[in-house]
1. Hey, quick one: spin label on Phe288, modelled 7 Å out along Cα-Cβ, who in segment 373-396 has an amide N within reach, i.e. under 18 Å?
2. Could you compute how fast segment 14-140 diffuses translationally, taking Rh as the Kirkwood radius over C-alpha pairs and applying Stokes-Einstein at 20 °C with viscosity 1.002 mPa s? Give it in µm² per second.
3. Compute and list, largest first, the equivalent-ellipsoid semi-axes of segment 1-66 from the alpha carbon gyration tensor, each √(5λ) rounded to a whole angstrom.
4. What is the sum of charges around Leu144, taking Lys and Arg as +1, Asp and Glu as -1, for the other residues whose C-beta is under 15 Å from the C-beta of Leu144?
5. Could you let me know the centre-to-centre spacing of segment 225-253 and segment 424-475, using Cα atoms, in angstrom?
6. In the structure shown, do any of Lys182/Lys468; Lys208/Lys503; Lys119/Lys503; Lys182/Lys251 have a Cα-Cα gap over 22 Å, and if so which?
7. Which whole DSSP H helices in the chain pass both tests: a Cα extent of 27 Å or more along the axis and a mean Kyte-Doolittle value no lower than 0.0?
8. Taking 7 Å along the Cα-to-C-beta vector as the label spot, tell me the Glu213-Ala9 distance in nanometres, rounded to one decimal.
Amino acid sequence: MSVVDWSRAQFALTAMFHWVFVPLTLGLSVIVAIMETIYYRTRSERWLAITKFWMSLFGVNFAVGVATGIILEFEFGANWSNYSWFVGDIFGAPLAIEGLFAFFMESTFIAVMFFGWSKVSRRFHLAATWLTAIGASISALWILVANGWMQYPVGMRFDPAQMRNVMDNFWEVALSPVAIHKFFHAVFSGWCLAGVFVVGVSCWFLLKKRNAEMARRSIKVGGWVGLAGMVLTMWSGDSSALDVARVQPMKLAAMEGLYDGSCGQEIVAFGILNPDKKPGDDQKPYLFDISIPYGLSFLATHDPSAFVPGINDLIDGIEITPAGDTVRTVSYAERIELGRRAHESLRAFDAASARGDSVAMASAAAELEANYPYFGYGYLDSPEEAVPPVGLTFYSFHIMVILGGYLLLFMIAALWIAYRRPQWLGNRLVVWAGMLTIPVVYVCSQAGWVTAEVGRQPWIIQDIMPCKAAISDISAADVQLTFWMFAVVFTAFLAAEVGIMLKTISKGSKKDFSSIKD
């Protein structure tokens with residue numbers, strides 16, 4: 001493995017560990033705020049005890065999530081210094097806002113949440129709890145603005161004098177539809193994950209026949225938040241699919257294992273890819289598949305008869321315009337050539353600048369600007385290098401979709417049982433189903449993250465910079481060493497969090513909530 005491989009592996013490791021904690025923080029903060037709102041309105045001491053129990057689990061998860069997130073940001077300077085130099089003026093802005101505003105907001109009000117019960121009024125404490133939840137979402141917003149810009153770089157221009165990109169429209173970066181849709185998708189999926197977590201932990205209480213009334217109340221709140229989160233996740237996912245089809249068509253093709261597109265393109269509901277299939281060959285893409293007619297065309301364009309390009313079509317230069325029209329654009333082979341011309345123009349600008357030749361500088365800058373949309377392709381050795389790992393992208397996407405469908409049914413069933421068949425909550429099969437859905441929702445969440453990030457490879461900035469041009473000038477051995485160090489440390493973090501949470505849950509189960517006045 002090269003230094004690029006190890007750097008990507010290390011960042012993937014860190015991001016996936018971090019993503020274990022983030023969605024639970026986003027969703028559980030909202031659930032805790034809702035529970036405290038019920039306490040504020042009812043003055044029920046039992047609801048206060050329930051709120052404090054779930055708040056303690058939120059606190060453990062929040063603390064570990066912060067630790068892993070800080071390391072992620074350090075990696076941009078350590079392993080991806082070329083990237084940081086190339087776009088630091090743009091990428092650093094939302095991260096700075098997240099640190100100075102959103103994280104500061106979370107840190108301030110979370111202190112009131114945990115230590116202000118007897119020191120501030122009930123109204124102020126409730127406000128602090130909601131502001132903590134809002135701060136967590138705002139923090140996610142700016143992180144996903146940065147990530148969304150990497151997927152769809154807008155609001156910037158390349159300055160050949162500095163040999164780097166500079167921001168020229170902050171609001172175009174901040175309000176990018178790709179970033180906004182990713183934000184809503186991530187936050188709402190966090191609601192779903194936290195809802196499943198609350199329902200699953202409550203099912204453990206029911207299995208142990210402890211604090212059954214507390215568990216039933218928690219299931220109702222967690223169920224409603226989880227159901228709302230799942231429905232809104234599907235809605236935001238539809239918007240994200242339209243974005244992917246428009247600005248990252250190669251990712252969409254990889255998500256479906258689609259090599260040769262067509263009008264009225266079907267979508268694969270379940271399939272097994274042919275591992276020997278390569279772009280441009282005559283082999284079948286699937287060993288087995290069950291498909292839904294017109295599904296992908298509708299997903300990508302909301303027009304069931306529209307053309308959706310496959311991997312081979314995109315390599316040949318056939319795409320869909322934002323208006324939904326099929327056009328022949330620049331092929332990937334031509335993009336590589338134009339990217340190399342852009343590189344030559346940049347070198348010519350640099351040489352002319354050293355000579356003080358303003359006329360040559362202007363000419364080179366004009367040619368560079370004309371070819372800059374393909375700048376990143378100049379680093380590629382072949383068109384096939386621009387194709388992401390199809391197998392990993394395809395299976396991650398379909399795991400996310402299939403498990404997402406299950407989670408929707410699960411949340412509906414949990415609420416129906418809680419309200420219409422509460423006696424079923426004593427059934428071992430029902431409570432075991434609730435508990436086992438906790439790992440299911442985590443797998444679904446991780447699969448969505450893998451789809452989003454692996455599907456855009458080889459790009460760290462879509463079309464502008466591939467990963468192999470973004471790394472630091474360090475050895476593979478150095479990154480390999482820190483990879484295994486992080487693997488050990490993060491595993492210890494995860495084990496510590498799970499251990500503390502289990503201890504907290506066990507301690508909560510021994511407390512008699514029924515003895516508290518309602």
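1. 395-396
2. The Stokes-Einstein estimate is 136 µm²/s.
3. Those come to 39, 9, 5 Å.
4. With Lys, Arg at +1 and Asp, Glu at -1, the neighbours total -2.
5. One Cα centre to the other: 15 Å.
6. Lys182/Lys468; Lys119/Lys503
7. 3-42, 45-78, 122-151, 177-207, 212-247, 390-420, 428-454, 476-510
8. Spacing of the two 7 Å Cα→Cβ label points: 5.5 nm.
Every number here is computed from the coordinates shown, using simple stated rules; none is lab data. It should be emphasised that the depicted structure is a prediction, and the values quoted were computed from it without experimental measurement. Heads up, the Cβs are rebuilt from the backbone with ideal geometry, glycines too, and the neighbour counts pull from every protein chain shown.
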